[in-house]
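The values are calculated or read from the model by the stated rules, or taken from the named source; none is laboratory data. These figures come from a predicted structure and were not determined experimentally. We place every Cβ from the backbone using ideal geometry, glycine too, and count neighbours over all the protein chains shown.
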């Protein structure tokens with residue numbers, strides 16, 4: 001781990017290692033293409049560093065799709081210790097539960113009907129909607145992916 005400390009003791013730079021990734025928050029944001037076709041975006045945020053490892057738009061999501069996306073991201077960024085999620089059907093699925101168990105990841109479920117339990121991701125989703133979703137028309141799914149990836153890079 002590379003850490004640079006100024007004379008007054010503040011951490012200036014730090015490379016996150018896979019072993020120290022703490023908690024991610026995960027949720028869905030809904031939008032639509034210019035054609036009216038529905039769009040669901042899986043948002044994932046590291047609650048310590050505010051790093052966004054992925055914004056993954058699709059027309060529909062199942063538990064196995066969430067697992068596929070997480071596995072792709074974790075291969076690059078490392079596995080978190082905990083992922084905070086709500087009680088959505090994609091998050092309470094057997095596929096995600098089995099993946100989390102096999103990778104040593106704890107799923108921290110919020111109480112039903114209490115989005116404030118996962119307030120970090122809700123605040124991020126509001127910013128994502130204001131700065132990205134409300135600023136663009138998405139013509140196709142590929143167009144949405146491209147624009148969201150550009151925004152993710154800018155945000156990080």
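Details
- Subset of the stretch 31-49 [in a loop (DSSP other than H, G, I, E, B) and either over 19 Å from the mean Cα position of the chain (by Cα) or farther than 12 Å from residue 80 by Cα (or both)]: 33, 34, 35, 36, 37, 49
- Only one of the listed residues (119, 130, 144) is within 20 Å of residue 83 (Cβ to Cβ) and either without any contact (Cβ under 8 Å) to a residue 60 or more places away in the chain or more than 14 Å from the chain's Cα centre (by Cα) (or both). That residue is 119.
- So residue 52, is it in contact with a helix residue (DSSP H, G or I) (Cβ under 6 Å, 6 or more places away or on another chain), touching a residue at least 40 places away in the same chain (Cβ under 8 Å) and part of a loop (DSSP other than H, G, I, E, B): yes
- Residue in the stretch 126-133 that is touching a helix residue (DSSP H, G or I) at 6+ places or on another chain (Cβ under 6 Å), over 28 Å from residue 75 (Cβ atoms) and surrounded by 14 or more Cβ atoms within 10 Å (Cβ to Cβ) present: no
- Test set (1) within 12 Å of residue 21 (Cα to Cα); (2) buried (at least 17 other Cβ atoms within 10 Å of the Cβ) - residue 50 fails condition number: (2)
- The stretch 57-114, residues that are modelled with pLDDT under 95, in a helix (DSSP H, G or I) and either on the phi > 0 side of the Ramachandran plot or surrounded by 14 or more Cβ atoms within 10 Å (Cβ to Cβ) (or both): 63, 77
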